[in-house]
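First up is the structure itself, then whatever we jot down about it.
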Amino acid sequence: MKFKIGLIINPVAGMGGSVALKGSDEVIDKALALGATPKSNDRAYLAFSQIEQYRDNIEIITAPSLMGQSLCQALGFNHSCISFNTNAELNGELQSSDANHTLEAASLIKAAGVDCLVFVGGDGTARNIYSAVGDDFPVLGIPAGVKIHSGVYAITPTAAGKVLELMVTNQLVSVMERDVMDIDESLFRDGVVKAKRYGEMLVPAELRYMQAVKMGGKESDELVLADIAADVMRQVDDELVIMGSGSTTEFIMEEMGLDNTLLGVDIVQDQSLIASDVSANRILEIIVTQPSVKLVVTLIGGQGHVFGRGNQQLSPDVIRAVGRDNIIIVATKTKLQALEQRPLLVDTGDAQLDKELSGFVKVTTGYNDYVMVQMSNPD
């Protein structure tokens, strides 16, 4: 008997990240105008290429065009497409896919009797899937969005492929409940994180590959953060510095007396603000003439992601231009301990770069105080 996989790809997921829009739910036309390119099908490809060798044992039920059919055709999977009942058929254009397509596709695919519904997107997509299939149907999320607070996603597309391989080869049968979370994008763009729990969905119980729900809140130990800020200022001197998103980097900016984009990327030099809330292309334009650039980033609490979650402005091109040795990772020891010895994670969308960034890295935890932590992209 063939393993039946349902597949839904949100073709516009994550497009707002690289152009500093902090989401994609309501700003697709603006993202396209700013030069954003679709990534979700590429990330789906990374996952499903892991199970190409099992094609004869797999049947995929998916949505037309860029919502799944195109990927199945590219990889040669046996597949069939659902037909939308109430909405216009997809025509291959990004703007022709919306949340209503996801909702209807999920309902129809569940009714078709698949063993697991795989979807590609961010928190908005997870909410749509939950609304359609409820809390008693197995799903697996492939991360492609800007906002990924939900625990229903694998930690990387490659990790999702590993989970699929375990399921297809009958090595993984148990499931667990994980939260579906989302935030208000309009508030998010104004620097306010207002997360809400919408429910739970069943996901494969494979903790090596499934991410935790993001932990919110600011660091409370101001003395420790002040020490971290002092050490960063000592390290960067008068160099140009790209400041990543997050509450820890926000504190550093406050110590410099500078305005900060909590959920964006800023650029400073000589403790002066050069540019605020910049896109990937703008970062490259600014740093290309600089002899030396530093990049200050922190990790997402509870998850451990350093790149690939909420900071897509730090694109592979930007990270390569900066160089691994010029990346300063900052975190309190409390934040690191909360990972319970799990590695830091990188998911840039560039497999070669993820490998180059992997290995032990120095994390600044105070003034002239650091720890060495493993960073990886699980494969």
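The values are calculated or read from the model by the stated rules, or taken from the named source; none is laboratory data. A quick note: this is a predicted structure, and the numbers were derived from the prediction, not measured. Backbone-built Cβ (ideal geometry, glycine too); neighbour counts: all protein chains shown. SASA here: full protein model, heavy atoms, side chains in, ligands and nucleic acids out. Shrake-Rupley method; radii C 1.70, N 1.55, O 1.52, S 1.80 Å.
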In nm, to one decimal, how far is the modelled label at MET176 from the one at ASP317, with both set 7 Å along Cα→Cβ? 3.9
Any idea of the accessible area per residue across segment 274-352, 1.4 Å probe, to the nearest Å²? 40
Proximal charge balance of GLU200 [Cβ under 13 Å; K/R count +1, D/E count -1]: -1
Quick check: pseudo-label points 7 Å beyond the Cα along Cα→Cβ at ASN57 and MET233, how many nm apart are they? 6.0
For segment 224-229, in order, what is each residue's ³J(HN,Hα) by Karplus, 6.51 cos²θ - 1.76 cosθ + 1.60 with θ = phi - 60°, in whole Hz (x at glycine and Pro)? 5, 5, 5, 5, 4, 4
Long-range amide H partners of ALA275, meaning residues 5 or more apart or on another chain whose placed amide H is closer than 5 Å, are ILE267
Keeping the other protein chains in place, figure out the carbon and sulfur percent of the accessible area of segment 211-370, with a 1.4 Å probe. 45
Would you list VAL175, VAL133 from the most to the least accessible area, probe 1.4 Å? VAL175, VAL133
Net lengthening on full extension, LEU284/SER49 (0.36 nm per residue, minus Cα-Cα): 81.5 nm
Net length gained if the chain between ALA351 and THR334 were fully extended (0.36 nm per residue, minus Cα distance): 3.1 nm
